[in-house]
Amino acid sequence: MAVAGSALAQYPAKPVRVVVPYPPGGTTDILARLIAAKLTLSLGQSFIVENRPGASGAIGSQAVAKAPADGYTLLMGTASTHGVNSALSKSLPYDAIRDFSPITVVGGTPNVILVHPELPAQNLAGLLALARDKPGKLNFGSTSLGGTPHMSAELLKMMTGVDIVHVPYKGAGPMLADLLGAQIQIGFDNLPSSMGHIRSGKVRALAVTTPKRWPGAPEIPTVSESGVAGYEVSGWFGLLAPSGTPRPVIDAVYRAVGATLKQPEVQKQMLELGAEPGGNPPEDFARQIAAEVEKWKKVVAATGVKAE
């Protein structure tokens, strides 16, 4: 026990893997790399981001769930991996609650509705009108099948009755590439991975999915104020460890992330990216995940969305 206690006191004593269950370039990857770089400096060991994409985040999440519970393999989970997936898939290879020890939310973000600049829709009302005039003719891309961007679109379809066709991608990068190239007309994404293209004018942002305008992009209206009253979807990105990871390790990472998120330059950088710093305690994060699972079960039941 003394040896084990000494090992925990020295955590981390070797490099730590932070698994991102999506391809490079998306919001999960951006925030993971930001926080990993800061943890490397504050904790004195390398926090190395490893992308393990596939199956809407399930492949990377499963890898972490099955990893040794020693604190040296962490997951950057999302509202998709620990909410939507549980509602959509009856054969998910992990349990979002049982198989993980939550640490803390790194950041929260809105999703954003984007269109190619050539599409004659200057706002969400214009897009909905266009979709009603051309049912089944407009395509929308999302970052993954069953991700919160996809579910944001499904909720919008349910609440407005429009018929737009889903084209799922394996991450924000390839989806945005096709939107920029006008292969699809509409995109649903997490705000951070799209912010650069919005700022450059390469895509037009019509609305964010949160109930209030986002502080880092106050010029973008909300879906609710754009005529779809009561609409709300919020995304989050947080660190989790395999279930059974010692509490001193969980606490060490939680404290280090919390201190990082309080740094003014980090807060400024995250807001510019389109993310709001998190930092909630492990117990609060656990309750948030449980609520997320229940919320998306209701949405999936109401919309009839299938994982296949």
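Descriptive notes on the structure:
- Leading residue by the ranking (surrounded by the fewest Cβ atoms within 10 Å (Cβ to Cβ)) among those in region 69-103 that are touching a residue at least 40 places away in the same chain (Cβ under 8 Å) and of a type in the set (Phe, Trp, Tyr): Tyr72
- Residues of region 117-138 that are open to solvent by less than 10 Å² (accessible area, probe 1.4 Å) and farther than 26 Å from Gly25 by Cβ: Ala131 alone.
- Criterion: buried (at least 19 other Cβ atoms within 10 Å of the Cβ), at pLDDT 95 or above and of a type in the set (Gly, Ala, Ser) - qualifying residue of Ala229, Ala207: Ala207
- Yes/no for Val165 being in contact with a helix residue (DSSP H, G or I) (Cβ under 7 Å, 6 or more places away or on another chain) and over 30 Å from Arg17 (Cβ atoms): no
- Any hit, region 212-225, residues being open to solvent by less than 10 Å² (accessible area, probe 1.4 Å) and in contact with a helix residue (DSSP H, G or I) (Cβ under 6 Å, 6 or more places away or on another chain): no
- Residues of region 165-194 classified as in a helix (DSSP H, G or I) and surrounded by fewer than 23 Cβ atoms within 10 Å (Cβ to Cβ), total: 5
- Strands (runs of 3 or more DSSP E) contained in region 42-119 and holding at least 1 residues at negative phi, among the aliphatic types (A, V, I, L, M) and under 12 Å from the mean Cα position of the chain (by Cα): 73-78, 100-115
- Cβ-Cβ contacts under 6 Å between residues 6 or more apart (or on different chains), taken from a first residue in region 230-254 that is under 20 Å from Asp99 (Cβ atoms) to a second residue that is open to solvent by 10 Å² or more (accessible area, probe 1.4 Å) and among the charged types (D, E, K, R), are listed as Ser243/Asp99.
- Considering the conditions (1) without any contact (Cβ under 8 Å) to a residue 24 or more places away in the chain; (2) open to solvent by less than 30 Å² (accessible area, probe 1.4 Å); (3) small (Gly, Ala, Ser), Gly141 is excluded by exactly one of them, (1).
The values are calculated or read from the model by the stated rules, or taken from the named source; none is laboratory data. As the structure is a computational prediction, the values presented were derived from the model and not from experiment. A quick note on method: Cβ atoms are made from the backbone with ideal geometry, for glycine too, and the neighbour counts reach across all protein chains shown. Calculation scope for accessible area: heavy atoms of the full protein, side chains included, ligands and nucleic acids excluded. Shrake-Rupley method; radii C 1.70, N 1.55, O 1.52, S 1.80 Å.
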